[in-house]
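**Student:** What follows is a structure written as structure tokens; I'll ask about it next.
The values are calculated or read from the model by the stated rules, or taken from the named source; none is laboratory data. The shown structure was predicted, so the numbers you read here are calculated from the model rather than taken from an experiment. Cβ coordinates were reconstructed from backbone atoms using ideal geometry, including for glycine residues, and neighbour counts include every protein chain displayed.
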Amino acid sequence: MIFGVLVSLVFLGPSLHATTRTAASCSAADVNTAISASSNGDTVLVPGGTCSWDYSSNVVTIPSTKAITLNGQGTTTINFDNGDNPGDVSTGAFYVNAGTTTNTFVTGFTFNGGYISGFCPIQINDSYSPRTVTWRFYNNIVNMNSGGSPLVSMCIHGDGPGLVDHNIFNTTVDFSDFTQNWGEGNPASQTAWSEDVIPGGPNMLFFENNTVNGPANLNPTGTSLSQNYGGVQVVYRHNTLNNVGLDAHGYCNTSTSSCQPPNQPNSCQYVNTRWWEIYDNTFAATGTSTNVYAWVALRGGSGVMWGNTTSGTNLGAGEVQMQSDCASGFPYPAQDQVGQGITQSSGSQATHPSPAYMWGNSGFPISSTNTNYVNQGTDYFVSSSQPSTILRCESAADVSAGCPVSYNYVPYTYPHPLVSGTTTTIFPPTNVKVLVQ
């Protein structure tokens, strides 16, 4: 019997467990010291208080080799130094580089401030190859109420996967983006567009169960939860969006004179939104003026939008706009426009469309603002319930099967497995004692 117990102890192996350490303070230097001492799977607790992080001497970085949990414990406030280096689009004060083997988590902080004109104090970077495991930004408060206009709080670079959930985003500044999702963000490459999309799949950027508060009595399309570029695949579900819209950018290869300033994300240079899923969100108008002309602007890519609702008595038109960033002068279909799929390549149009589908949305007039390119019944379909037949051309397998192919759309697991805990690593017990009698 004793031998059997000893054999069992041998097979338990060495003690395997994550370490929790506490930074000396919330200063950038002390937090970086604690991160440097950590290993994959560890937790770094920030002990609370108020500190300033900025782009120069007070940058905090989680390297991809330190896939950890950084936890502000609900008592840590970080003030960002607003707009200090407006000539550098890569300027940031907090960098999260997602790991490829272990989840990276950021939670329990209040972040104040946003950089002007598209510069992001929080930057989250994915790996393209190998793809990262899912990172998570959750239970944080992000306030963008000072620092100029327009403001941006977070830039997300890469293909994902990632999860932004159960956060509170606040701003009183119009024409601001809480996040900018850049995807691969390369104007010279269509690699993001050639990647497979699996509708309802896990390898996307998820925004789930967030509460987003924009400025009342201003048009919500001026302020968005996020703007999307660079072939990103994104899911918005179960969010409450107060006076805030959503935007999926398209593409139009027009002259540079009509583009935004250099180094800014814009529809003239970038391969843009690849795929979107927008469902079970509530869009609310809390102001007193009737000024809501569009909750959602879908300018590129394809996807599904279903089960969304509106609330408020001053909604105005409150519509979903199906758009194209090319006004005219290009053959139909325009590059990256709504309804395009994987067969599209740089400089040419898709031979097999992959239309968008909208169903069961309450209080949303859905219409095209550019019927030269985007039309109901060809590029997108609207119905009261999920259609029995949905077509797609979104993966190499679809192409092999003879695009377009029909499929039954099923959304990804809700809540996300990282929220429900079904993917949490379970470590073996430590300090095991065996009593033999």
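**Student:** Restricting attention to the stretch 167-193, which residues are at pLDDT 85 or above and more than 13 Å from the chain's Cα centre (by Cα)?
**Tutor:** Ile168, Phe169, Asn170, Thr171
So that you can scan it fast, the table gives a plain yes or no per residue for (1) surrounded by 14 or more Cβ atoms within 10 Å (Cβ to Cβ); (2) at pLDDT 95 or above:
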| position | (1), (2) |
| --- | --- |
| Gly300 | yes, no |
| Val320 | yes, no |
| Asp325 | yes, no |
| Gly347 | no, no |
| Ala350 | yes, no |
| Met358 | yes, yes |
| Asn372 | yes, no |
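**Student:** Of everything in the stretch 374-398, what is part of a helix (DSSP H, G or I) and either surrounded by fewer than 18 Cβ atoms within 10 Å (Cβ to Cβ) or under 25 Å from the mean Cα position of the chain (by Cα) (or both)? Give them in sequence order. Reasoning before the result, please.
**Tutor:** Initially, the stretch 374-398 is screened for residues part of a helix (DSSP H, G or I), giving 396-398.
Correct list: Ala396, Ala397.
**Student:** Right, next: Which residues, taken from the stretch 194-244, are at pLDDT 85 or above and among the β-branched types (Val, Ile, Thr)?
**Tutor:** Val197, Ile198, Thr211, Val212, Val232, Val234, Val235, Thr240, Val244
**Student:** If I go through the stretch 404-419 residue by residue, how many of them are within 15 Å of Ile198 (Cβ to Cβ), assigned to a loop (DSSP other than H, G, I, E, B) and either touching a strand residue (DSSP E or B) at 6+ places or on another chain (Cβ under 6 Å) or not aliphatic (A, V, I, L, M) (or both)?
**Tutor:** The qualifying residues number 5.
**Student:** List every residue pair whose Cβ atoms lie under 8 Å apart, where the two residues are 6 or more positions apart in sequence or sit on different chains, the first residue falls within the stretch 44-55 and is at positive phi, and the second residue, located anywhere, is part of a strand (DSSP E or B) and modelled with pLDDT of 90 or more.
**Tutor:** Gly48/Gly72; Gly48/Gln73; Gly48/Thr75; Gly48/Thr76; Gly49/Thr75; Gly49/Thr76; Gly49/Thr77
**Student:** Exactly one of these conditions fails for Gly108: (1) at pLDDT below 95; (2) part of a strand (DSSP E or B). Give me its number.
**Tutor:** (1)
**Student:** For Pro333, state whether it is in contact with a Pro (Cβ under 9 Å, 6 or more places away or on another chain) and modelled with pLDDT of 85 or more. If you could, list the steps in order and put the result at the bottom.
**Tutor:** Values: in contact with a Pro (Cβ under 9 Å, 6 or more places away or on another chain): yes; modelled with pLDDT of 85 or more: no.
The answer is no for Pro333.
**Student:** Of all residues in the stretch 130-143, which are part of a loop (DSSP other than H, G, I, E, B) and within 16 Å of Pro63 (Cα to Cα)? I'd like the intermediate steps shown before the answer.
**Tutor:** Taking the stretch 130-143 and keeping what is part of a loop (DSSP other than H, G, I, E, B), we get 130-134, 139-140.
Passing the criteria: Pro130, Arg131, Thr132, Val133, Thr134.
**Student:** Right, next: Taking the stretch 61-79, which residues are in contact (Cβ under 8 Å) with a residue 60 or more places away in the chain and assigned to a strand (DSSP E or B)?
**Tutor:** Gly72, Gly74
**Student:** Can you work out which of the residues in the stretch 35-70 that are under 11 Å from Gly99 (Cα atoms) and polar (S, T, N, Q) is surrounded by the most Cβ atoms within 10 Å (Cβ to Cβ)?
**Tutor:** First pass over the stretch 35-70, keeping only residues under 11 Å from Gly99 (Cα atoms): 40-41, 62-68.
Filter once more, so that each one left must be polar (S, T, N, Q): 40, 64-65.
Details: Asn40: 15, Ser64: 17, Thr65: 13.
Only one residue fits best here, namely Ser64.
**Student:** Polar (S, T, N, Q), under 21 Å from Asp126 (Cα atoms) and at pLDDT below 85, is that true of Thr91? Please lay out each step first, then the result.
**Tutor:** Numbers: polar (S, T, N, Q): yes; under 21 Å from Asp126 (Cα atoms): yes; at pLDDT below 85: yes.
Yes.
**Student:** Sticking with this one: Might you check whether a residue that is modelled with pLDDT under 95, in a loop (DSSP other than H, G, I, E, B) and acidic (Asp, Glu) occurs anywhere in the stretch 35-49?
**Tutor:** No, the stretch 35-49 has no match at all.
**Student:** For Ser367, work out the one condition from (1) part of a loop (DSSP other than H, G, I, E, B); (2) modelled with pLDDT under 90; (3) surrounded by 14 or more Cβ atoms within 10 Å (Cβ to Cβ) it doesn't fulfil.
**Tutor:** (1)
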